[in-house]
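Peer 1: Sharing a structure below in structure tokens format, with a few things to ask.
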Amino acid sequence: MIEIVGTALLLSALALRVEFAPDHVGVNSSNSYVAAVAQSIFVDGPGGCCPTPGHGNTCPGAEPLVGLPPCVGGDVDDIAFRTKMGNAERFDYIIGVASFRGAQIVVFSEGGLGIGAYHHDEGGVASGVLAEYIPDVSRHDGPPIIPCDDDQLRKTSPALVRLSCSARRHRITVVIDMGDLVSCSPHNPYNSSWQCATCPPEGSFRFNTQIALGDRGELLAKYHKMHPYYPSEHAHCIGDGHQQPGLSDPVTFRTSFGVTFGMAICYDICFHTPAQQLALDQGVTDVVFSTHWENEAGPPMALSVPFFQSWSRGTGANLLAANAGMGFSHTGSAIFSRGVTLASAWQPDLAHDEVLLLARVPRLQAPTPNRVDGIDRPWGESTPFSRAAPVWKLVNVTRGEAHTRHVLAAAGGFTCEFAYSTTRWHDRLTRGAADAGPQDGGGGRTNTSHHEDIDLEDMEVHVLMALNGSWFLGGLPARACVMYRVPPSNLPDGGAGGASAAMNAGWEPWSVSNPVNGSSGATYRIWPASAPSDLHGVVVFESLLVRGAFEPGDIVRPMVAAAYGNALEADRLKVVDGGRGLLVDPMEHPVTQAMLYVNTHPPRHIFDDVDDGGAAILHEDGRGGGAGENGTDAGFVEQGPLPGRPAMDGQP
């Protein structure tokens, strides 16, 4: 048997920080509800021990926790089972704290009960005995299913039962992510045209699944993740180590406090379906979102909290987003209402950050999406599907630039405009600065106790990108205008030679093997060890305008990440030009990332019929081209500096 560290020891070793908005306390209001988001660190191994080498895990010394003692004895199933149940006990503790603080619903991260390779599969949240049988309430016409009272489920689904009992005891709605085992018979929910319709040898499908438990412990809903991040030949049905649904099945549930929630997991948020579809087609105003977000890579280039904020702002809805809290790679949780940050946690320089966020969330009458020109057009019909790759260009951004303007043209005549001014001084930023003002030397509000000075430079290298086609050669169809500061660790000599030195060294925003930093297939790569300097821009922008030639009816998500990857306050960012652009003036911050983003079509996968590839780059003379030479009319249109202030009122 395995030697187990007691649950009490595990809980004491991982301190839970509780943060709440000042106005969340008090009696429940008819026009709001109290929500909690748990950024919770999952622990591989029973009671905080590390599975031994050969079991598909790489600790001590790696995620999720560094330096855990090895598990003593036991087989793979023992380790997976005790991992799952140990984390379920931790969830019970957090659920109790959330309820005590007045929350009516608490949302946990993706893979919170465990992620590993405990089976003959590729690993994931549904690996081995991490997965359990979860009843399908959508096909149940009888009385409520309460796992806590079900003797059969106690045998097949112990973690589900444990959390059902916890939800009932603490009288709170609980949303968790776990593995679901679905028997191939008597019901096969998959269309026979999908390759994944064939039953696996073990006789069951495995799914990364979000479930909702009501405050009586009843099972309200389960939702299978629709979109795997890594494309493969079977990406429509297999990813993250488990089978995918391969069909559109958005799910909602209604709580005892009268709010209907849509459900979404991780990469789902990059797509129209399920969450945005529920908002626009069914009027769902609130979404629960469990994620194990990858901050250090792309596409799209999207640090967690600012990107989640852009979804809430662009959709005009409430979002309860729970991330894993495991260092820079997976930090960033928040509660948003129409883009306004009600509570957030973004701690990229903490190796482990377990936090419970609480906020009072307004009840919305209807979503208010950022539809271009206010036109209500069915999604996916504005333009034909295209695999055209992004166009990109490296530029140097320096102190004291006045009214610089760049315009890029992508496939189909889609253009992106980037206009900005920078100050003549640079910000003296400190590690952890969240809202550093240039006038106060970068003191400002801090996210951490660290105050180490970052080296100051006069120049940064940024990528400008225009896309009217697809990332992943069809896997993520989108229209987007993107600007991001290239992490110094991605550049030769830390970026000292500027854009030209990077191009001469063969730098690309994505490649099979980047000759500079050796990243594999990444569009944007930050390693945890280099995150502090990579995230700290030092050139302060006075103003920033990003504007794209989006189609009428496009639902545009505007995003800006300032220094250290922090989201901007909602009132700083203005949506302009009928929804086609974003304007921050005054900016008074460095820019880490800025993006206007629209998912245009469902994904089509790279093994279907594709023979094009790569991204179009802009040569010195402005000609479009690049790996794969995709033959579009992409190219460089115009660059600054130009005399006079660029139009910043939404006019051409």
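Peer 1: Quickly run through the stretch 557-586 and pick out the residues that are in contact (Cβ under 8 Å) with a residue 60 or more places away in the chain, assigned to a loop (DSSP other than H, G, I, E, B) and not basic (Lys, Arg).
Peer 2: Matches in the stretch 557-586: 566, 568, 569, 585.
Peer 1: Another one. Return yes or no: is residue 381 among the acidic types (Asp, Glu), out of contact with any Ser or Thr (no Cβ under 8 Å at 6 or more places or on another chain) and surrounded by fewer than 20 Cβ atoms within 10 Å (Cβ to Cβ)?
Peer 2: Yes.
Peer 1: Can you tell me how many residues within the stretch 413-437 are buried (at least 18 other Cβ atoms within 10 Å of the Cβ), among the small types (Gly, Ala, Ser) and modelled with pLDDT under 95?
Peer 2: 3
Peer 1: Could you tell me whether residue 123 is more than 23 Å from residue 252 (Cα to Cα) and at pLDDT 80 or above?
Peer 2: It is false that residue 123 is more than 23 Å from residue 252 (Cα to Cα) and at pLDDT 80 or above.
Peer 1: Checking residue 339 against (1) touching a residue at least 40 places away in the same chain (Cβ under 8 Å); (2) on the phi < 0 side of the Ramachandran plot: exactly one of these is not met. Which one?
Peer 2: Against the list (1) touching a residue at least 40 places away in the same chain (Cβ under 8 Å); (2) on the phi < 0 side of the Ramachandran plot, residue 339 comes up short only on (2).
Peer 1: While we're looking at this one, here's another question. Can you pull out the residues in the stretch 157-196 that are assigned to a helix (DSSP H, G or I) and modelled with pLDDT under 95?
Peer 2: Result: 195, 196.
Peer 1: Residue 246 is checked against (1) more than 23 Å from residue 333 (Cβ to Cβ); (2) at pLDDT 95 or above; (3) of a type outside the set (Lys, Arg) and fails just one. What number does that condition carry?
Peer 2: Single failed check for residue 246: (2).
Peer 1: Filter the stretch 280-295 for residues that are at pLDDT 95 or above and not polar (S, T, N, Q); which is surrounded by the fewest Cβ atoms within 10 Å (Cβ to Cβ)?
Peer 2: By that ranking, first place goes to 283.
Peer 1: So which residues in the stretch 567-585 are surrounded by fewer than 18 Cβ atoms within 10 Å (Cβ to Cβ) and closer than 20 Å to residue 598 by Cα, if there are any at all?
Peer 2: Across the stretch 567-585, the qualifying residues are 570, 574, 578.
Peer 1: Would you call residue 326 in a loop (DSSP other than H, G, I, E, B), crowded, with 22+ Cβ neighbours inside 10 Å and more than 12 Å from the chain's Cα centre (by Cα)?
Peer 2: Answer is yes for this residue.
Peer 1: Would you point out the residue of the stretch 490-510, among those that are at positive phi and modelled with pLDDT under 85, that is surrounded by the most Cβ atoms within 10 Å (Cβ to Cβ)?
Peer 2: 495
Peer 1: Can you tell me which residue in the stretch 536-559 is surrounded by the fewest Cβ atoms within 10 Å (Cβ to Cβ), limited to those that are under 22 Å from the mean Cα position of the chain (by Cα), within 23 Å of residue 461 (Cβ to Cβ) and aliphatic (A, V, I, L, M)?
Peer 2: 546
Peer 1: Could you tell me whether residue 320 is closer than 22 Å to residue 125 by Cβ, in contact with a strand residue (DSSP E or B) (Cβ under 6 Å, 6 or more places away or on another chain) and not hydroxyl-bearing (Ser, Thr, Tyr)?
Peer 2: yes
Peer 1: Could you list, in sequence order, all residues of the stretch 160-184 that are surrounded by fewer than 24 Cβ atoms within 10 Å (Cβ to Cβ) and in contact with a Lys or Arg (Cβ under 7 Å, 6 or more places away or on another chain)?
Peer 2: 161, 168, 181
Peer 1: Here are 365, 347: which of them is in the same structural domain as residue 109 (by TED's automatic domain parsing) and over 30 Å from residue 40 (Cβ atoms)?
Peer 2: 365
Peer 1: In the stretch 518-525, is there at least one residue being modelled with pLDDT under 80 and either on the phi > 0 side of the Ramachandran plot or not in a loop (DSSP other than H, G, I, E, B) (or both)?
Peer 2: Yes, that holds for at least one residue.
The values are calculated or read from the model by the stated rules, or taken from the named source; none is laboratory data. Nothing here was measured: the structure is a model prediction, and the numbers come from that model. Cβ sites come from the backbone with ideal geometry, for glycine too, and all protein chains shown count toward neighbours.
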